[in-house]
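The values are calculated or read from the model by the stated rules, or taken from the named source; none is laboratory data. These numbers come from a predicted model, not from an experiment. A quick note on method: Cβ atoms are made from the backbone with ideal geometry, for glycine too, and the neighbour counts reach across all protein chains shown. Surface areas here come from the heavy atoms of the whole protein model, side chains and all, with no ligands, DNA or RNA. Shrake-Rupley method; radii C 1.70, N 1.55, O 1.52, S 1.80 Å.
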Amino acid sequence: VDPSIDLEIQPYEGDGLSLSSRALQTARNIKFDGKDYAGAGPNVPPGSTSSGHRVNQRSLEITNKFRGKITSTQQLEVSKDSKTLTLSIRQAGESKPRTVLVFDRE
């Protein structure tokens, strides 16, 4: 894993989030309404979408799809002190995360 991976999270249209990474050249704007939203950036294949829902006040789950088929699920959880974000990525059909990334707030 590249230790220089960045993740920027910003509000999106009031009730959603915008997640982007300059290093990975990806961006997603998601509302938590169950609808699929197309990703953007040169490293996002055409036909890729994401939808999200809040699990609780500090965590959310994002489901990624390619041409309508689920490819992975991401769980994002903010620590109680809001200084750390843990991102767990589970591939479709797997019960345990394959990748876990921990980000410190800057």
Grab every C-alpha pair in the chain, bin the distances at 5 angstrom width from 0 up to the longest one, and report whole percents. 2, 12, 21, 28, 23, 11, 2, 0
Once ligands and nucleic acids are excluded and a 1.4 Å probe is used, how much of Phe66 is accessible, expressed in Å² to the nearest 10? 70
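Normalised by the residues of the chain, what does the relative contact order come to in percent, with Cα pairs under 8 Å and at least six apart? Working shown, then result.
On the way: 226 pairs, mean separation 13.9, N = 106.
13 percent.
Before I look further, what does the chain give for accessible area per residue, probe 1.4 Å, in whole square angstrom? Write down the numbers at each step before the final one.
Numbers: 7100 Å² over 106 residues.
Accessible area per residue: 67 Å².
Semi-axes of the equivalent ellipsoid for the stretch 6-53, please: Cα gyration tensor eigenvalues, times 5, square-rooted, ordered largest first, whole Å.
On the way: eigenvalues 61, 39, 8 Å².
The three semi-axes for the stretch 6-53 are 18, 14, 6 Å.
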Provide the packing ranking of 43-53, 96-106, 74-84, i.e. peptides ordered by the mean count of other C-beta atoms within 10 Å per residue, highest first. 43-53, 74-84, 96-106
How big is the gap, in Å, between the Cα center of the stretch 63-106 and the Cα center of the stretch 1-44? 12
Distance in nm between pseudo-label sites at Lys96 and Phe32 (7 Å out along the Cβ direction from Cα): 2.9
